[in-house]
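Asks: My structure is below; once you've seen it, I'll send some questions.
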Amino acid sequence: MSYGNQKLPQTMDADKVKDLILEYQKTGNVNARNIVVETNLRLVAKIAWQFLDYYDIEELINVGVIGMIKCIDDYDASMGTKFSTVATKYVYTAIRNFVHNQRKYSWVDSLDRIISDEDKIVEDDLYDTSINIVLDYEKKEQAVEVRKIVENLPDRKRQIIELYFGLYGNLPLKEREIAKIVGVTDSRVGQLKRRALEMLKPQFVKKQIVESAKIK
């Protein structure tokens, strides 16, 4: 596997990875940490490719590497969870947050961020037992309200919105991917999505989830 002109190294044995992480955590040996990062670049690249429509692959991999380094710092081998399992969550979260933060702010992107923040809270709470989690209850309650409103959409429009924004911790899908799931054309997905968003706008304003000034 490769990206650009760079061929990615083979993945290292899980026990060897764990030993190198423990060495880094105990001694601060940066070389040990770098070996772990380099031999897990395939994992980073695999996740980064899911967001390729948004940014350059090298930029996404660089962001993913930052997430992996944080994972190496936080990883607790005594929990019995494989490093690759925990790293997947860290890398995905780092890249997804980067993509969300770089998008132009609009009422739709505001909705996207609310959902993303809620998913991050849920994912952290379920899978990241090595970090003290401080829940942002205001955002969590706002995300719950968004989901209640979305659930009142007609079935097909609701399904498309849920798939497009990645509700319930799922990966957001592109319109062409949604089309295959729903069984309609790409253009039809776009039409239904726009109609669904038009139906959602006034309810979001009423519930003060977004300001009326952001509705265009």
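All of the numbers you see were taken from the coordinates with simple rules; none came from a lab. A quick note: this is a predicted structure, and the numbers were derived from the prediction, not measured. Counting neighbours? That spans all protein chains shown, and the Cβs are built from the backbone with ideal geometry, glycine included.
Asks: Suppose R0 equals 41 Å; then what is the FRET efficiency for Leu22 and Arg147 from their Cβ-Cβ distance, rounded to the nearest 0.05?
Replies: It comes out at approximately 0.50.
Asks: Determine the gain in length on full extension of the stretch Asp73-Ile57; use 0.36 nm per residue of separation and subtract their C-alpha separation, reporting nm with one decimal.
Replies: Taking Asp73 through Ile57 to full extension adds about 3.3 nm, to one decimal.
Asks: Pairs of Cα atoms under 8 Å, at least six residues apart: use those to get the relative contact order of the range 1-98, whole percent.
Replies: Values: 104 pairs, mean separation 27.7, N = 98.
With pairs under 8 Å counted, the relative contact order is 28 percent.
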